[in-house]
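Where a number appears in this text, it was derived from the coordinates with a stated rule and is not lab data. Just so you know, these numbers come straight off a predicted model, no measurement behind them. Heads up, the Cβs are rebuilt from the backbone with ideal geometry, glycines too, and the neighbour counts pull from every protein chain shown.
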Amino acid sequence: MGFTETSNVLIIGGGVIGLAIARELHKKGVKHITLLEKGAVGQESSWAAAGMLGPQAEADEGGVFFDMTVASRDLYPAFAAELLEETGVDIELDRVGTLYLAFTDDDVTEVHERFKWQRKAGLPVEHLSAADARKAEPFISPDVRGALLFPDDWQVENRRLLAALKRYAEINGIEVHENTHVERLIVEEGSIVGAETETGTFHAAKTVLATGAWTSLIKLGIADLPVKVEPVRGQIVAFQTAKRLFQRVIYSRRGYLVPRADGRILAGSTSEKVEFDKSITESAAARLSEIALEIAPSISSLPVADQWAGLRPYAADGLPILGEIAGIDALFIATAHYRNGILLAPLTARIAADRLVGGTDSKYLTEFGADRFSLRRAGTGI
Ligand code: FAD
Ligand code: GLY
């Protein structure tokens, strides 16, 4: 997928993935970048996220996906510093670390297993006694039985990240068209040459599909796109505190608390297959409050300041979809980041831009290629 500096790129989707790819392409010297967004930029899943950068806290095992999450997390310090310099927006990268608490027998076993494999792999992780966990975070429950401390699992204020990326686009002449819904990709002789919207046609030398949970709704000419992505709704409630109660992101096996600099504590999250319904529900609020109270009973005295929902983009194996579709030229897909799109944005953007500009290969493109489902089916005879 070679490319010249004067070529133009069309990006469809203005979430964290589309915006981060736009920035990276611009940094690589691509002169004409156009981004189409069906609503307003940065208002969907990327806005709804909790902003955790927690590859180690969430991993039961190593592997290519784990490598990708760690590699992307490790790009964040430079990514945050560059964005501040480029746009003046501080994305509030918070590097205090993450705690993972155990309450039940099963939790204790899991914490033990996670500690064992990560230590063996040489990853930074500490096993804390209950007393040490409470010393680190005095407001956690006295029922805690032990904890893992992941000093290199962090958080970012994802809404500020979106603001920074949007500002980058404005400053650098990336053409953003909001309220522009792409209905189909235009195919000519096996190559994508642009996209049709309700308001007109956009042509480009290369097209990037970063359309999150809505990806499978887009047509490939008159056919369906051979990429299956489903929405999985996630809800969060936010409690308000006058002063910050927790320093770190805190997980249990049932959910998480994310303390923000402005005093809010986000409690997440649900995973619901409800098509494209972004409603918030009372039952989710009750469940999320339960999860929060198990971690820190003092939360019961705090008012719920907000509740929201977003649609995570999910592929059948829960892994990202990155790269081209066999037999279709000039199209790059970057979607299905499911629970980790904020974390994976900097590395996804690099992989996409390197591929589009230099034709560079990557083990992640091999592993997470768009054709893997059909290839596996062919390979297994299913
Ligand atoms: P989106 O942000 O949804 O952006 C896709 C964009 O494409 C949208 O703006 C949409 O309007 C646009 N679009 C779609 N179709 C079209 C079309 N036809 N034409 C034009 N535009 C179109 N990830 C983490 O890393 N850490 C977390 O802590 C975390 N917490 C989460 C908590 C919750 C409750 C949820 C819901 C998600 C969380 N995630 C987290 C996951 C993360 O939010 C997603 O993986 C990520 O936002 C996906 O980014 P995206 O750009 O692909 O999707
Ligand atoms: N990664 C957190 C979530 O998706 O809820």
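Listing for the model above:
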| item | result |
| --- | --- |
| Among 55-62, 250-257, the order from most to least packed when residues are scored by Cβ within 10 Å on average | 250-257, 55-62 |
| Proximal lysines relative to residue 363, as straight alpha-carbon distance under 30 Å, when same-chain residues fewer than 8 apart are discounted | 27, 28, 31, 116, 120, 166, 206, 219, 228 |
| Cβ-based exposure ranking for 211, 360, in which fewest neighbours within 10 Å come first | 360, 211 |
| Inter-label distance, nm, simple model (7 Å from Cα along the C-beta direction), residue 282/residue 240 | 2.2 |
| Within a Gaussian network of the chain (alpha carbon springs, distance under 10 Å), most fluctuating of 172, 340, 158 | 172 |
| Given charges at Cβ of Lys, Arg, Asp, Glu: the chain dipole, positive-most of 232, 131, 19 | 131 |
| Cβ-based exposure ranking for 47, 117, 214, in which fewest neighbours within 10 Å come first | 117, 47, 214 |
| Rounded to 5, percent antiparallel among DSSP beta bridges of the chain | 70 |
| About the Cα centre, charge dipole magnitude for the range 291-382 (Lys/Arg +1, Asp/Glu -1 at Cβ), debye | 120 |
| Estimated FRET transfer efficiency (residue 274, residue 178; beta-carbon r; R0 45 Å; 0.05) | 0.95 |
| Tilt relative to the chain, helix 158-171 - C-alpha long axis, 0 to 90 degrees, to 10 | 30 |
| Positive dipole terminus of the chain, leading residue within 40, 144, 351 (C-beta point charges) | 144 |
| Unit charges on C-beta of K, R, D, E only; dipole of the range 134-181, Debye | 240 |
| The chain, dipole about Cα centre (Lys/Arg Cβ +1, Asp/Glu Cβ -1), debye to the nearest 20 | 440 |
| For the chain, average projected area of the Cα convex hull in nm² | 19.4 |
| Residue 203/residue 171 FRET efficiency (R0 22 Å; Cβ-Cβ; nearest 0.05) | 0.30 |
| Residue-by-residue Karplus 3J(HN,Hα) for the range 347-362, coefficients 6.51, -1.76, 1.60, Hz, glycine and proline x | 6, 4, 4, 5, 4, 5, 5, 4, 5, 5, 8, x, x, 5, 8, 7 |
